[in-house]
Amino acid sequence: MSSAAARLGTRRSTMATTQSRAVADSITARTGVPIELVLITSFGDVTRAHLTQLGGTGVFVNALRDELTAGRIEFAVHSLKDLPTAPAEGLALAAVPERDDPRDALCARDGLKFADLPEGARIGTGSPRRVAQLAALRPDLHFVPIRGNAETRLGKVAAGELDAVVLAYAGLSRIGRLDDVTDVFEPDQVLPAPGQGALAVECRAADADGALRYLAAVDHPRTRVAVTAERTVLSKLEAGCAAPVGAHAECRDGRLRLRAAVVATDGSTAVRGERAVDLPDSTAAAVEAAGGLGRELAREMIARGADRIVAAAAEV
């Protein structure tokens with residue numbers, strides 16, 4: 001690739017490089033700017049600890065942010081659900097590309113649906129959010145914490161170590177493993193993680209409106225509006241990406257509908273809420289309205305005890 005190519009930082013996993021390459025190709029197709037992928041190893045990729053032990057927030061993005069700050073890459077692509085909600089000094093969210101399917105998917109042995117899993121079936125997931133909501137639906141199942149990339153997790157089902165795993169549908173789609181999906185959870189059953197299915201393009205703030213203005217070519221306003229509402233709920237609940245918080249927002253016919261849930265990790269207690277707002281025509285104003293909607297819903301859920309569920313989950 002040309003030495004003039006912009007350097008895009010990405011984690012090394014198949015999923016990360018696949019989604020980063022898709023963003024790079026989209027930027028090049030729309031702007032003509034050539035992109036070079038720079039592979040970076042994050043602490044979250046090499047540690048054997050479970051996400052809940054690490055606190056979750058930032059474990060997959062800090063290494064990329066360090067490379068950005070040091071000037072060794074021009075921009076980075078993250079899975080938006082892994083990105084901390086607090087702003088990072090000196091960095092900017094330059095673009096949020098159009099979102100893929102945000103739902104969770106079940107990959108089970110013998111083609112089993114969720115309802116058909118036998119009592120006591122072993123379900124692998126590293127997400128307290130998934131455990132909490134699935135346990136509320138099927139308290140008879142046994143949830144097993146697991147780490148590793150999607151291929152590793154799917155391999156545990158193929159090897160008979162687990163009866164099923166639950167993964168993001170979008171991620172499975174990106175790596176060509178949709179044939180492994182045996183069931184898909186609608187948001188009415190299991191609310192996805194805030195930002196799930198979406199990507200984040202991050203760069204140095206000083207470059208966002210200058211040298212890297214071309215990144216805006218892959219920004220998708222409706223996706224940015226929706227994930228702003230979801231991530232605001234997460235932020236106001238003071239919960240990280242490993243917390244048992246689900247949120248899903250949809251823009252339809254000029255109106256934004258936001259649903260959220262905080263569920264105890266054993267599925268026994270839940271606080272759920274929903275709000276909607278008409279969106280202004282301006283993208284900037286719509287993003288502001290989405291943030292306001294997220295704050296209102298979070299306040300309502302906190303008044304009903306959602307913050308106590310988050311705090312209790314953090315102590316587990």
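Every number in this text was worked out from the coordinates using simple rules, so none of it is lab data. Quick caveat: nothing in here was measured; it's all calculated off a predicted structure. All Cβ positions, glycine included, derive from the backbone under ideal geometry; neighbour counts span all protein chains shown.
Given the criterion within 20 Å of Q189 (Cα to Cα), among the hydrophobic types (A, V, I, L, M, F, W, C), out of contact with any Phe, Trp or Tyr (no Cβ under 9 Å at 6 or more places or on another chain) and in contact (Cβ under 8 Å) with a residue 24 or more places away in the chain, identify the matching residue among V262, V287. Step through it out loud before you land on a result.
Values: V287 fails: within 20 Å of Q189 (Cα to Cα).
The conditions single out V262.
Checking the condition in a loop (DSSP other than H, G, I, E, B), surrounded by 23 or more Cβ atoms within 10 Å (Cβ to Cβ) and not charged (D, E, K, R), which residue from P139, P187, P192 passes? Steps first, please.
On the way: P139 fails: surrounded by 23 or more Cβ atoms within 10 Å (Cβ to Cβ); P187 fails: surrounded by 23 or more Cβ atoms within 10 Å (Cβ to Cβ).
Unique residue meeting the criteria: P192.
For region 274-316, enumerate the residues that are buried (at least 21 other Cβ atoms within 10 Å of the Cβ) and under 19 Å from A239 (Cα atoms).
Scanning region 274-316 gives A290, L293, G294, L297, A298, M301, A306, I309, V310, A313.
Residues checked against (1) surrounded by fewer than 18 Cβ atoms within 10 Å (Cβ to Cβ); (2) assigned to a helix (DSSP H, G or I):
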| site | (1), (2) |
| --- | --- |
| E161 | yes, no |
| L167 | no, no |
| A170 | no, yes |
| D179 | yes, yes |
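State which residue pairs qualify: first residue within 15 Å of V263 (Cα to Cα) and inside region 221-241, second residue assigned to a loop (DSSP other than H, G, I, E, B) and not hydroxyl-bearing (S, T, Y) in any location, beta carbons under 6 Å apart, and separation of 6 or more residues or different chains.
Going by the 6 Å Cβ cut-off, the qualifying pairs are L234/P194; G240/G56; C241/G56.
Residues being under 23 Å from D82 (Cβ atoms) and either of a type in the set (S, T, Y) or part of a loop (DSSP other than H, G, I, E, B) (or both): count how many of those fall in region 142-159. Let's see the steps before the verdict.
Quick first cut of region 142-159, residues under 23 Å from D82 (Cβ atoms) only: 143-156.
After this cut, where a residue has to be either of a type in the set (S, T, Y) or part of a loop (DSSP other than H, G, I, E, B) (or both) as well, the list is 145-149, 152.
Adding up the residues that qualify gives 6.
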